[in-house]
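Written out below as C-alpha cells is the structure these notes cover.
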Amino acid sequence: GAIQLYQEGIQKLSQDQEPKLWALFHIYLGSALRILGELESDNLKLEEAIQAFLKALKEYERNNASWNRAIAQNSLGTALAVLGERENDPQKLEQAARAFQESLTKFPRERDPIDWATTQNNLGNVLSLLGQRESGSRRIEEAIRAFRLVLSEYSQSKVPLKWAMAHNNLGDALRVFGYRENDTKVLEESVRSFREALKEFTRVREPLKWGKIQNNLGIALKCLGDLEDDTQRIEEAVNKFLEALKVRTKEYVPMQWAITKNNLGNALRNLGELENGTHRLEEAAIAYKDSLTVFTAEKSSYYWSETNKNLEMVQEVIAERKKAQ
C-alpha cells in the first residue's frame, strides 16, 4: 500500500540532491505509519512513524525551512502523543507538548489561522492527557484554554468537522476538570460540548469519529451520574457505550474496542453498586475481561493496570453481596 510506495520513493531519492522532496516523503511515510499504528494494538508502526518525522525534521533544520519544520513538528507531536498515551509515558507526552509549542512559533495566527488553530488543538489534547495523569488541575485548565482558543478560530459554517472535533476535545477536558472539582455545572457543559460535536460527526459520515464521541459522551454522563447518584444518567451512559461499540469493533479497532468495553464496565459497575443483586456487577466483570483480551502489560500498561484494578474491585463487591445473601 501507501507505506511501501513511500519507502520505495525514499530509496530512489538522493538526500543530497533533492533534500526537500526526500524530507517530504518521510513526512508522508510517517503519517501513513501513524494512521496504521493508531488502528493496531502493536506500537511498532508508531515508533517507525516517529523516526520518519525526526529524519524529516533534521533535514528541514539543516535547510532552515521554517514552515516545513512546523509541519514536521506537528506530525511528530501527534505520533508521540498517541504512543505516550498508550505506554503511559509522561516523558513522551512532554516531548509531544514541546513539539506542538515549537510548531506554534512558526504558525502565526494572523498568517495561518487554520494551521495555528489545528496546532493549538493538538497541544490542548496533550495537555489534557498530561493533566489526566497528574493530581493538580493546572494542565487541564491550560487544555481548556487552548480548546476555547481553537473554537474562537474555527466556525461550524467554515470548517464543520474541525469545529466538531474541537468541541469533542473541549468536552473531554471539561469532563476531567468537572469531575475532579465535583462541579456538575462544568460536567453539564462537557455533555453539551459532546452533543454539539455529534451535530457534524454522524455515524454515516464519520463512523469512527462518531463512535469516539459517543464513547466520550458516555464517560461525561457517567461522571454526572456518579456525582448526583442519578441512575438515569448512568443508564444513558451505558447506552452511549453500546452505541460506540457498534462501530468500535474488536476486529477493526481493537484498542478502541477495549477502551470502550472498560468504560462500559465502569458504568455497569456503578449501576450495580446503586442497585441490589449482582446482575449488573457480573455484566461489568465480563466487560472488563473482554478488555483484557486486548490490553497487555507490555504494550498498554496504563489501560491494563486500570482495567485489572476495576475487575478486582467489581469481583470483591460480587463476593461480598453473595456472602450476604
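Where a number appears in this text, it was derived from the coordinates with a stated rule and is not lab data. Bear in mind the structure is a predicted one, so any value in this text is a computation, not a measurement. As a convention, Cβ positions derive from the backbone with ideal geometry for all residues, glycine included, and neighbour counts pool all protein chains shown.
Structural remarks
- Cα gyration tensor category, rounded, prolate or oblate, for the range 86-200 with a/c compared to 1.5: oblate
- Positive dipole terminus of the range 257-318, leading residue within 313, 284, 294 (C-beta point charges): 294
- For the chain, built as a Gaussian network whose Cα springs stay under 10 Å, the top-fluctuating residue of 55, 92, 209: 55
- Table column - 3J(HN,Hα) (Hz), the range 168-179, Karplus curve with 6.51, -1.76, 1.60, x for Gly and Pro: 4, 5, 4, x, 5, 5, 5, 4, 5, 5, x, 5
- The overall shape of the range 26-102 is oblate: from the C-alpha gyration tensor, with semi-axes ordered a ≥ b ≥ c, the ratio a/c is 1.5 or greater and a/b is no larger than b/c.
- Rg in Å to one decimal, and Dmax rounded to a whole Å, for the chain via C-alpha atoms: 21.1, 79
- Computed from backbone phi with θ = phi - 60° and the Karplus coefficients 6.51, -1.76 and 1.60, the 3J(HN,Hα) list for the range 5-15 is 4, 5, 5, 5, x, 4, 5, 7, 8, 9, 4 Hz; x is used for glycine and proline.
- When only the Cβ of Lys, Arg, Asp and Glu is charged (+1, +1, -1, -1), the dipole of the range 202-315 relative to its Cα centre reaches about 640 debye.
- About its Cα centre, the dipole of the chain is roughly 580 debye, where the only charges are +1 on Lys and Arg Cβ and -1 on Asp and Glu Cβ.
- Global geometry of the range 71-136, whether rounded, prolate or oblate, following the gyration tensor of its Cα atoms and the 1.5 cut on a/c: prolate
- Residue-averaged 222 nm ellipticity for the chain, from DSSP H runs of 4+ at -39500 (n - 2.57), nearest 500: -26500 deg cm²/dmol
- Hz values of 3J(HN,Hα) by residue in the range 248-256 - Karplus curve (6.51, -1.76, 1.60), Gly and Pro given as x: 8, 8, 4, 5, 8, 9, x, 5, 5
- Projecting the Cα atoms of 24, 190, 136 onto the charge dipole of the chain, computed from C-beta unit charges around the Cα centre, puts 24 farthest toward the positive end.
- GNM flexibility winner over the chain from 276, 125, 182 (Cα, springs under 10 Å): 276
- Taking a quarter of the surface of the Cα convex hull of the range 173-325 gives a mean projected area of 9.3 nm².
- All-pairs alpha carbon distance profile, the range 193-243, 10 Å steps from 0, percent: 30, 49, 19, 2
- The residue list 39, 52, 91 was ranked by how far each Cα lies along the charge dipole of the chain toward its positive end, using unit charges on Cβ atoms, and 52 comes out on top.
- Across the range 133-186, Cα-Cα distances exceeding 12 Å account for 64% of all pairs.
- Whole-number percent relative contact order across the chain, with pairs defined as alpha carbons under 8 Å at least 6 apart: 11 percent
- Only Lys, Arg, Asp and Glu carry charge here, each on its Cβ (+1 for the first two, -1 for the last two); on that basis the range 28-86 has a dipole of about 260 debye about its Cα centre.
- Between 141, 18, 243, the Gaussian network model of the chain with springs among Cα atoms under 10 angstrom shows the greatest mean-square fluctuation at 18.
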